[in-house]
Structure formats: structure tokens, C-alpha cells
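First up is the structure itself, then whatever we jot down about it.
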Amino acid sequence: MWIKEAQELDKKYNIFITLAEKAEGKFPLAVKDNICTDGLRTTAGSKILHNYIPPFDATVVQRLKAVGAAVVGKTAMDEFGFGTFSVNCAYKVPKNPLNTDRSCGGSSGGSAAYIAASKHAKFALGQSTGGSISCPAAFCGVVGLTPTYGLVSRYGLIDYGNSLDKIGLLAKTVEDAAFALGIIAGHDPKDSTSLPLERRGYAKHCIPQDLKIGVPKEYFESVETGVEKAVWVAIKKLEAEGIEYREVSLPSTKSALFSYYIIAMCEASTNLAKYCGLRYGLSENPEGRSFNEYFSSVRTKGFGQEVKRRILMGTFARMAGYREAYYLKALKVRANVIAEFKRVLKSVDVLAAPTMPMIAPRFSEIASLTPLQHYTSDVLTVPANLAGLPQISVPCGKSEGMPVGLHFIGNHLAENKIISAGWFAEKIFGGKHG
Amino acid sequence: MVKIGLEVHAYLNTHTKLFCSCSTIGITEAVENSRVCPTCLGLPGSKPVLNSSAINVGLKIALSLQCKLPKEMFFSRKTYFYPDMSKNYQITQYEIPIASKGKMESADESGKPFSVSITRLNLEEDPAKIEHVGGSITEAKYTLLDYNRSGLPLCEIVTDPVFKTPRQARLFLQNLEAVLRYIGALHPLFSLKADANISVTGGERVEVKNVTGYREVERALQFEIVRQNNLVRRGEKVERETRLWDAQAKVTRTMRKKETEEDYGYIFDPDLPRFSISKESMKIISKTLPELPREKIARFIKSGVPREIAKSIAGDLQLALFFEKLKSKSAPRWMLLLKKTLNYNDILVSEIKLSPEQFEKLIVAVEKGELSERAGELILREAILKPEKLTKLIEDNRTLSEKELKKIISEVIKKEKSAAKILRKGNRKALEFLVGKVMKASDRKAEPKNVKKMLRKL
Ligand SMILES: [Zn+2]
């Protein structure tokens, strides 16, 4: 039944890169294709891993399977997560179930589309480096929960930017997301960056809390009017329910974007070095060629354009002579961004802002964007991701008939607060099951 | 002037690899590619987990080499493409290594103590073992890879360019290996691997790689000195480059020139958090260390061994351990003789067959006057590799007692009456003639000095 639905949805919306043959368990689970599944092809959306079948489950998959998850398939994504609209795809481009002319956001686009369209699934696994959970959640009108960096194990996640990558959830409701977080969160000795915290439940935070909300003024610059309006209406609704807000300022917002892309690309360019056609993935007949010629050929064929662009830029930014000006500087900016968030989050409990500066764009619109315009559309989600802060995106209204996401950002490990804020907002705005 | 620096790689004595739990015990005997897991194979989604015992072993080395420790340390990624690299980046230490600025007491070829400054120690993972079948990487028909090696913990020990001769470099390597084994830091199945850099006055620094064995290091460096000096003499440039030692042809060959040296694009490894070492854990580690050479020197001096001799002995750990088993008063001086004998015969301390107990027997014989100093030294030379001969050698070379000597002399004088007569008048020729006769009669066991003395008294 779950597989059948998945097949049907896939036909309509291009949701899956790989579908499971059977799915038996207590509930269906769609997994972003950069999260390893034992025995089920995992490509990270890249041709270079077109035949890669992992010999182990990612810790999150293992934990969900232990409570009855049945993996239905691996969801479409931008190649290695390099994108905002799930169009940098080596396989198929997923379509937004609310309007198939439009993007479902990226890079966890397939997982968001599945949650928006499925009648059976309550949550799916996504992953965010710079906003790849919140963005598709906002575009598809579902809930997206990105936990604090280190709260959820990255073991089994195919790396993009290891210091930024976070596995999280796309869900029908805040409560569904919170419930699933309770299963996947908690220390994992296989991931050295995993925080030493015991596993505990998060659904219990779906209660009203007395929260002070900060609205960062920089987060409304260059936001579409329709989105801006919808978000302000939502904030006013919350105020009417007794949740006060005050304006705050995060001046580092723009520099965070540059810092993020430099760090992410530097890390990515080293992570992708391992794909050289030797032990797994795309390979060719090496006869008559040197090692250098061989791996260059495999990489030329296996990687898409955006991947090559990021490898080149990331390699450049860490080379002797440029390293100081780019990579090391970006790390300093990152420390400033974190300090700035920490300062502001002393006076307020959570920050509220539009998740994305636009509604889900049409594919025709995306085609005319430059790479830089792609990158700058992440400006609202990137700072919190750079700082490793937890975030939740909940649908808060509509613009041009498409959903608008309201983003709550909390302090490190303040999942309880963003879950409470998200749950309350969902109730007020009349979320799907609110 | 010649300047030599060393870059030594030591396989650490841990039970598991540096970033995964694959076993390292008996690793060289294991079936190829049987000690592997997703992490050391570099499979997508795998993550490194630092083996804390590798850090502890690294810290043991740092302590024994009197290094300074950083407040906080971390690992970096050194990216380059090579078939033996499972991830095409190596996890190593770059900006801040585990330790730096240390020193080790060593001794030069004449036994004179000298202190070797250590630039830095860093921990890193070993790549896979690679075998190009049928030529170099560019010519080979195919290449075999054994990932059992991939991820073995290595400690890189870099010295300042303090060695002035290839022999000094070799002696240091031997001594360093002894120290690392003594503190339990070195994997029992491996020796040290060393790359060297060498420059002569008027030339650039040249790196020499691919040298196995300490004797080979010495040979490769000797070759380089000759090569570089010849270039300088002819007015040609000694270029900055990396050269490989060809042990069969006994020459070094250019591997790469400076301008093609790679840029590794180091970044901090984001999979491994920064960490620091507490004072308490350093205390615990230092308690596990045995008495170190420098502590031995202090103790030897306290017990009456002359400072220079103490340093010279403890400059070679194995020699110091040998010395500690000796009780005789003149043992320190005899250790210098032993050292001289080793150098003279090109023998390593580890190759000595003579046990400390047997050596002691020899020393005691000289102390008691049963053997002349000279005879003792000659016996040492022979017995050092053939201790089974020791008893007979001592017996055969025993000096005569005064009584025995007197008896022989009076017998000789009885026979050589005319010479004895002239001798009494102070004739030198007669003295020498009679000394010769006595020596012959004594089967050369008499000390000529003593014989002369006694003959003069007549
Ligand atoms: Zn392993």
C-alpha cells in the first residue's frame, strides 16, 4: 500500500530516485537520498554514485527502523545537496504537489513533496546544510524541523559541509516532527561531533510556553511583498494571542551568506575528492590510462555542472595564498555570526522571520537565475544554519495561492522553545492537523 | 658545511586504527584487505572517530622528547589525489600539532653527547599499502592496494637540521627507535621510516625519500653530500627538489622539482572536534613512562659517573640499559670502550651478543690485575660477537703474578749470564734483549713494563 502510493506520487511529482521493493513495518518512511540505507541504493542525487549500495544504515535510519519504520524510497534532491530549488538534479527534478509548474524547494525537495502529497506518511527524513529543510517545507506548505548541529548523528550522511550538515525532518505537523526528533536525536559514538546528550522525547514540548519573540529587521529586506505581508499577518495573529514580539537587529546577515558559501564549498571540495571511480560508484575501463587521467575522466562524467563549480570554488578558497583571505576569514565571520545570535537570543526566546524571501518559483523563472541569484535566495536560512541553531518552518498563510513559511529560530538546544512556538503558531494559523 | 634534518614516521603501538576500530594487532600478517571498515575504506557516509589511545601514545612520545604541548589541538585535511588514499585527503595535523619544540639526548660518532632539537610531532593516518606491478606509477601494468594499512596511526617526528654527518643521523634514528620501543610507543611489527632533508654550503635544501633502514639512510645521505658538493664545486646550482633513493643502484634520482610541489589546501577536519589535554591526564600518562634517558643521566651523575660519560652512555638508551646491569667501579669507563668497539666494528647495540654479566667478568679481571688493560680491550673486540670464547680468552691472556714473573726472570738470567752482566752496568741494549727473552719465556703473558722494572732492580 505504501509502495503503491509512493509509485503513484512518483509518477506525478518525480519524488523518488530509488523506490524500495517492499516496505513492511509500522509506518512508511521516505529518506533523503544522501542518507545511507543498508542494501538500498543511495546516490546523494549524483551519477557518480549511480550504483552505490551502502553496506550499513545511517544511525537515524537504524533508530527509526528500530521503532517500525519501513523505508519506501530515497527522495530526489539537488546533487549532493547543492541547490535551493531541487533543479540541480542528476536524476529527475521533483515537482511541487501544490502546483507542478513550480519548484518544491531544495535540496530536500523530494522529502517535502512526499509529505505534502502522501496520505500515509507523517514525516520524512531531510537534511540541511544551509536551509535545505526549511526551504522545501515553506514551498510545499509542510513543517520543516532542523535541529541544533550535533543533536542528531550524521553517521551515514553523505557529507556536503560537515560542520554545517544536520539531519532533520519534513512533517505534516509540528507534533509529528517533534515525535520523530525524539527517535533520531541523542548521542551517537560513531559521529564525533554528536553531542553527549541522552535520547529524550520532544513531543511533550507541544504546549504553550510564555515566549518572547524577536523579529530581525534585516530579514525583511528583499523579501517579496506577498510573503512579507503574509508573515506580518501571522506575527500580528500571534500577538493577538498574547505572544509579544519586538524588533531586533542581526547586522551580520549578509556577511553570513558569504562565510557560509566559502566554508560549505571548501569542505565540500574535500569531501568530494573521494569519488574517483576506484572502490565504488561510477567507474570506467582504466586500460591505457594513468591514475590522473582515469579519475579525471570519471569525475568529469560523474559530476554535474553545479558540483564542478563548487569543487573549483571550494578548492580555490583553500589554496595557499587565498586560504587566509577566504577560508580562514570565513571562519572568523562565522564566529561573529554565532556571537551575534547569542547576544540577541539573550533578550528574546526565539526569532521569527519569513523562511524564504519568495514563494515557490516557477521552473521557468528559475531557469533565468544566475548562480549568484541562486545563492542569495538562501540569505534568510543560511545565518542560523551557519550558527548551528535549531529552526522550524511552519506554514503561516498564502501568497499567490502558494504557501508561505514562518521561520522560528532558537538558541542552541532550545528545541523545546521552537517546537512550542511552531506548535502554537500552527494552531493559530490552522495547520493541516492543527 | 652539511646540514641534515630528519622526518621520521613511527607506527604507534595501539590496538586499533587511528579513526576506526579495525584491529592493528599482527597487521602485517593479516590477509590483504581483511582489516577494513567503511571508515578506513572511505565509504560515503562513514565518519572518523578518534582513537584516544593513539593520542596517549603520542603524548608519551611528546613527554619523552621534552616537547611543548598546545592548549588545544585539532586535525586537518590534506587533500591530494593518489590511489593509496581512501578519501583522497589525509587526516593529519597542520597548524597546531600534538607537540613541538622538544629535544632528545643523542651522541655523535665519537661518543660525544649532543642534543637533537625536535621541531614538531604530529599524528596522522597511514594511506593504504600500494604496489605498482611492472614499474612506477606511470609505467605499471596494474596496481595492488591493501587497505589494511589505511588508517594506521602514525606519529611524524620532525627534527631541526642539526646533524652534520650521515652517521649522526643514523645514530639518532637507532637511538630514537630504542627510546620509542622502551616507552612502548612503537608498534612491535614496524621500524621507523625516515625521510631526510640535506643541504651543503652554497646549495638549496634537497629532500630524500623512499629510504628503508637506517644504514640506507646513511648511504643515501653520503651519496647526496658527494653529489651536491660536486655540483657546487663545478659552479652548478643545487636545486630545491625531492629525490628518491634507489637502493639497488645506490643513487638518488629526481622525483619532483620545487615548482611542481603540490598545494594541499589544508582545512580543519570538520568531522573531528577540537580537544585539549588536561594536566591530570598528562600526569597519569607521565606515570606510565619508565625512567627516561635524561633522568638516567641525572641519576648516573649522582652515583658518581663523570658527567660526560653519563651523557654519552644515556645518549644511547640501549647502552644505558646495558650499563645499568653492571656493578663494577670502572664500568663507566668500560662503557666508553664498548662504544668505541661498536663504532669500530660497525655493530649496533642490539647486535651485541655479550651479556652484561659476561662483560662484567671481563671488567673484574682487569680490575683485579689478572688482565692488562690492553688485553681486556682486545678480548672485548673479539668476545662482543663471540661471548662463548670469553673464558678461554681471559685464561690465555692472564698476566703473570709477581712470583711467577720472578721465577721466569731468574731462569732467564741464569741462561743469559753475559747479558745480565752488562745489564748491571746499565746497558740499554742488554735490557731490551732480556725483556724480549722474558716475554718469550712467559709466552708473552708478562707485562713488558713490569718486566723492565724488575730487571732494573737486579
Ligand atoms: Zn577501519
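The values are calculated or read from the model by the stated rules, or taken from the named source; none is laboratory data. Since the structure is predicted, the reported quantities are computational estimates derived from the model, not experimental observations. Cβ coordinates were reconstructed from backbone atoms using ideal geometry, including for glycine residues, and neighbour counts include every protein chain displayed. The accessibility values were calculated without ligands, DNA or RNA, using every heavy atom of the protein model including side chains. Shrake-Rupley method; radii C 1.70, N 1.55, O 1.52, S 1.80 Å.
Screening residue B:149 against (1) within 16 Å of the ligand (Cβ to nearest atom); (2) not assigned by TED's automatic domain parsing to the domain that holds residue B:49 leaves a single unmet condition, (2). Annotation: of all residues in the range B:246-268 being within 30 Å of residue B:73 (Cα to Cα) and part of a loop (DSSP other than H, G, I, E, B), the one that is modelled with the lowest pLDDT is B:261.
Please go through the range A:75-87 and give me each residue that is surrounded by 24 or more Cβ atoms within 10 Å (Cβ to Cβ) and touching a helix residue (DSSP H, G or I) at 6+ places or on another chain (Cβ under 7 Å), ordered by number. Across the range A:75-87, the qualifying residues are A:75, A:76, A:77, A:79, A:80, A:82, A:83, A:84, A:85, A:86.
Residue by residue, here is whether (1) aromatic (Phe, Trp, Tyr); (2) within 14 Å of chain A (Cβ to nearest Cβ); (3) open to solvent by 50 Å² or more (accessible area, probe 1.4 Å) holds:
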residue: B:196; (1), (2), (3): no, no, no
residue: B:227; (1), (2), (3): no, no, no
residue: B:234; (1), (2), (3): no, no, yes
residue: B:263; (1), (2), (3): no, yes, yes
residue: B:269; (1), (2), (3): no, yes, no
residue: B:275; (1), (2), (3): yes, yes, no
residue: B:281; (1), (2), (3): no, no, no
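Residues checked against (1) assigned by TED's automatic domain parsing to the domain that holds residue A:56; (2) open to solvent by less than 10 Å² (accessible area, probe 1.4 Å); (3) of a type in the set (A, V, I, L, M, F, W, C):
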{"residue": "A:142", "(1), (2), (3)": "yes, yes, yes"}
{"residue": "A:151", "(1), (2), (3)": "yes, yes, yes"}
{"residue": "A:161", "(1), (2), (3)": "yes, yes, no"}
{"residue": "A:168", "(1), (2), (3)": "yes, yes, no"}
{"residue": "A:184", "(1), (2), (3)": "yes, yes, yes"}
{"residue": "A:189", "(1), (2), (3)": "yes, no, no"}
{"residue": "A:204", "(1), (2), (3)": "yes, no, no"}
{"residue": "A:208", "(1), (2), (3)": "yes, no, no"}
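Annotation note: Cβ proximity below 7 Å between a residue of the range A:100-127 that is surrounded by fewer than 24 Cβ atoms within 10 Å (Cβ to Cβ) and a residue that is assigned to a loop (DSSP other than H, G, I, E, B) and among the basic types (Lys, Arg) (sequence gap 6+ or interchain) occurs for A:122/A:172.
Residues in the range B:18-36 that are buried (at least 18 other Cβ atoms within 10 Å of the Cβ) and within 11 Å of the ligand (Cβ to nearest atom): B:18, B:19, B:20, B:22, B:24, B:35, B:36. Pairing each residue of the range B:17-32 that is hydroxyl-bearing (Ser, Thr, Tyr) with any residue that is part of a loop (DSSP other than H, G, I, E, B) and more than 14 Å from the ligand (Cβ to nearest atom), provided the two are 6+ apart or on different chains, yields C-beta distances under 6 Å for B:28/B:189. Reported count of residues in the range B:126-143, each being surrounded by fewer than 14 Cβ atoms within 10 Å (Cβ to Cβ) and not in a loop (DSSP other than H, G, I, E, B), is 3. Output yes when any residue across the range B:69-83 is in the same structural domain as residue B:147 (by TED's automatic domain parsing) and within 14 Å of the ligand (Cβ to nearest atom), and no when none is. Checking the range B:69-83: not a single residue is in the same structural domain as residue B:147 (by TED's automatic domain parsing) and within 14 Å of the ligand (Cβ to nearest atom).
Restricting attention to the range B:47-62, does a residue exist that is away from the ligand (no atom under 14 Å from the Cβ), within 14 Å of chain A (Cβ to nearest Cβ) and more than 30 Å from residue B:228 (Cα to Cα)? Yes, the range B:47-62 has at least one match.
Beta carbons closer than 7 Å, at least 6 apart along the sequence or on distinct chains, pair a first residue in the range A:154-182 that is without any contact (Cβ under 8 Å) to a residue 24 or more places away in the chain with a second that is of a type outside the set (Lys, Arg) and not in a loop (DSSP other than H, G, I, E, B) for A:182/A:203.
Might you let me know whether the range B:86-94 holds any residue that is within 16 Å of the ligand (Cβ to nearest atom) and away from chain A (no Cβ under 14 Å)? No; the residues of the range B:86-94 include none that is within 16 Å of the ligand (Cβ to nearest atom) and away from chain A (no Cβ under 14 Å). Among the helices (runs of 4 or more DSSP H) confined to the range B:381-458, the ones with at least 1 residues that are under 48 Å from the mean Cα position of the chain (by Cα) and touching a residue at least 12 places away in the same chain (Cβ under 8 Å) are located at B:390-396, B:402-415, B:428-441, B:448-457.
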